[in-house]
Amino acid sequence: MSKTLYEDLVNVYEDISNTTSRLEKEDIISEFLRSIKEKDPEIIYDVTLLLQGKIFPPWSDKEMGVSTQLIIKALSKLLGEKTKTIENKLASVGDMGEITQELIKNNKQVTFFKVPLTIKKVISNLRRTESITGSNSQNKKLNLILELYTSASPLEAKYITRTITEKLRIGVGEGTLVEAIAKAYDIEKEVIDRAYMLSNDLGEVAKRAQDSLESVQSLTINPGKPIKPMLAQLSPGIKESIEEMEEVICETKYDGIRVQIHKKDDKIKIFTRRLENVTNALPEIVEYVRKALPDEDYIVEGEVIATRDNKPISFQYILQRVKRKYDVERMREKIPLKIFLFDVLYYKEPTAEESLNERRKLLESIVTTSDDVELSTMKTVTPENYEEAVELFNWSLEKGHEGIMFKDVNSPYSPGKRGKNMLKYKPVRETLDCVITGGIYGKGKRAKFFGSYLLSLLDSESGEYKTLVHAATGMDDEMLANLTERMQEYVISTNEQVVTFKPAVILEVAYSEIVESNEYETGYSLRFPAIKRVRDDIGLDQVDTIDKLMQMIELQNQ
Ligand code: ATP
């Protein structure tokens, strides 16, 4: 049985926190990993998880079943403090870990350090909280963490709490850990990086790297374990993107949710891009895909969209489906779904490292398409025939889809990377120049600033400004602060969080669609408004008018 003390890991956490140098952090971790290899190799998987502040690997469905409230209850029971006192402290300090440390340090009633805590003990108690359900489960969980706090030093208790709250705060990202693992076992960083990309499991990577180079090299993608999706950069323009990639698979970009579908033996699982298991919410997708593909192990990727009369409908509907835990059958009738598949990462064997060209050919050869399961519409284009991409773009928009994607035909699938091998291109969003006539203070970190502005258009007939939309996104911290300061001189009245302004400052706001609305004086509003910039270059008489809004609606309807 592994005997490495939790204290050793806590000392590493502290050393890492005490330096801002990434290189030093890497050295501290790699030295620790080497010592583990010498003294206690079997604990490496757990150590790597705990260094990430986790107790389950990222591909796992499991979650620790302990809330902050339960930590407060445990501390209150252990130390005789009122829960209210601890809650107040949390409100002012913000870090439950610091509070745990301080409370235990200052408490004289309890004798701690009865049994030295091992890493194994900490992780196994925390893991056990996940599986406890049913009556009296809260008490059972409470006892498991109480047992840890009773044996912990104040510093250890701080990190136990931070692990439970999933806020380790030691400033170590995945990149640092990858480097540290490479250094610890003297293996090239690229080898570690590849193994991590394909397995999505740093613990497994470290364990194998500890064993041998061959072992980590043989780690690969596995059906059943979700991997991070490859991400897209923005395309600067159709022609430019095709010229840069030379040979490009150009595909319709669907506006739904991205799913990874894994089949292992008889079991099919569906994961979102955040690796949540949504299999139960999408039973028909399981059925469709089971029918459309041969009875082999595979991982395919695609976009699920909601349809009405076989036409795509707003992305909002599909969100309702994915989040649904109950009443799935009724929702299935109400919001029908279909899937467009666009990649295959495993079929009998790993395929993610083959070129996109090969993967697409494979996908075409294994999928039997239907109304429910289609392959993404695509064309292979080069700079010579880039007009075909423009055609596909126009066709895709006409069909109600979002835009197009460009994918380098020779590129492998790079899980979790946002590189130049996959680009997205959407139509330029329309904008309107609106005047600020109101504001609402933000929440939390933004409480001192106007987090959202009420924007209005000019009614040229009456010369008045009529409200159109509240816009909150698009502002960075600097803009937020500057605009709040600037708006103070235009305040007409304040009612709690809500402020009315004299029309003075003009904002350009981008949006995706104009929609009817009873909430605003114009009778319309904007979907997905995003503040682009302050228009100090134009005057109040050039604020966009309601007439212009009507023209835009006409264009939109065309
Ligand atoms: P991102 O996914 O890049 O972080 P985002 O969530 O805002 O950003 P978009 O900007 O819309 O998404 O673009 C990328 C997304 O487009 C993909 O994650 C995927 O869900 C979706 N998508 C739709 N059609 C395709 C396709 N044919 N190939 C790849 N992705 C597609």
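Couple of notes before you dig in:
- Net charge of the neighbourhood of residue 236, taken over other residues with C-beta under 13 Å away and scored Lys/Arg +1, Asp/Glu -1, is +1.
- Pair-distance profile P(r), taking every C-alpha pair of the stretch 309-450, with 10 angstrom steps and integer %: 8, 25, 30, 22, 12, 3, 0
- In whole percents, the pair-distance distribution calculated for the stretch 300-354 from its alpha-carbon pairs, binned every 5 Å from zero, is 4, 16, 23, 17, 13, 9, 12, 4, 0.
- Whole-Å semi-axes of the ellipsoid equivalent to the stretch 1-44 (Cα gyration tensor, √5λ, descending): 21, 12, 5
- Between the stretch 36-56 and the stretch 480-558, the Cα center-to-center distance that results, in Å: 53
- When each of 291/334; 82/141; 54/338; 264/417; 73/445 is checked by Cα-Cα distance, pairs over 31 Å: 54/338
- Adding -39500 (n - 2.57) for every DSSP H run of four residues or longer, then dividing by how many residues the chain holds, sets the calculated 222 nm ellipticity at -12500 deg cm²/dmol.
- Residues whose amide H comes within less than 5 Å of that of residue 469, counting only those at least five positions distant or on another chain, are 455 (H built at 1.01 Å from N in the peptide plane).
- Sorted peptide list for 426-439, 152-165, criterion being average Cβ within 10 angstrom, highest first: 152-165, 426-439
- Extent along principal axes [Cα atoms of the stretch 15-86; Å; largest to smallest]: 43, 31, 23
- Calculated over the stretch 127-173, the projected area of the Cα convex hull averaged across directions stands at 3.9 nm².
- Cβ crowding within 10 Å averaged over residues, with 243-251, 469-477 ranked highest first: 243-251, 469-477
- Number of Lys-Lys pairs in the stretch 147-233 with C-alpha atoms under 18 Å apart and a separation of 8 or more places or on different chains: 4.
- Shape class of the stretch 431-557 from the alpha-carbon gyration tensor: prolate, with a/c at 1.5 or above and a/b greater than b/c.
- P(r) tail, the stretch 208-252: Cα-Cα pairs separated by more than 17 Å, 61% of all pairs.
- Size estimate for the stretch 379-450 follows the Kirkwood approach: the inverse of mean 1/r over distinct Cα pairs works out to 16.4 Å.
- Solvent-accessible surface of the chain, averaged per residue with a 1.4 angstrom probe and all protein chains in place: 49 square angstrom.
- When Rg and the Kirkwood Rh are both derived from Cα coordinates, the Rg/Rh ratio for the stretch 231-425 amounts to 0.96.
- Pairs of Cα atoms nearer than 8 Å and 6+ residues apart set the relative contact order; for the stretch 68-164 it is 41 percent.
- Rg over Rh, two decimals, the stretch 68-164 (C-alpha only, Kirkwood Rh): 0.94
- Relative to one another, the C-alpha centroids of the stretch 6-21 and the stretch 123-147 are positioned 27 Å apart.
- Sorted peptide list for 230-240, 339-349, criterion being average Cβ within 10 angstrom, highest first: 339-349, 230-240
- In the chain, the alpha-carbon atoms span a convex hull of 205 Å³ per residue.
The values are calculated or read from the model by the stated rules, or taken from the named source; none is laboratory data. Treat the numbers as computed from the prediction; the structure is a model and nothing was measured. Quick reminder, even Gly has a Cβ in these numbers, built from the backbone with ideal geometry, and neighbours come from all protein chains shown. Just so you know, the surface numbers come from the protein's heavy atoms only, side chains and all, with ligands and any DNA or RNA stripped out. Shrake-Rupley method; radii C 1.70, N 1.55, O 1.52, S 1.80 Å.
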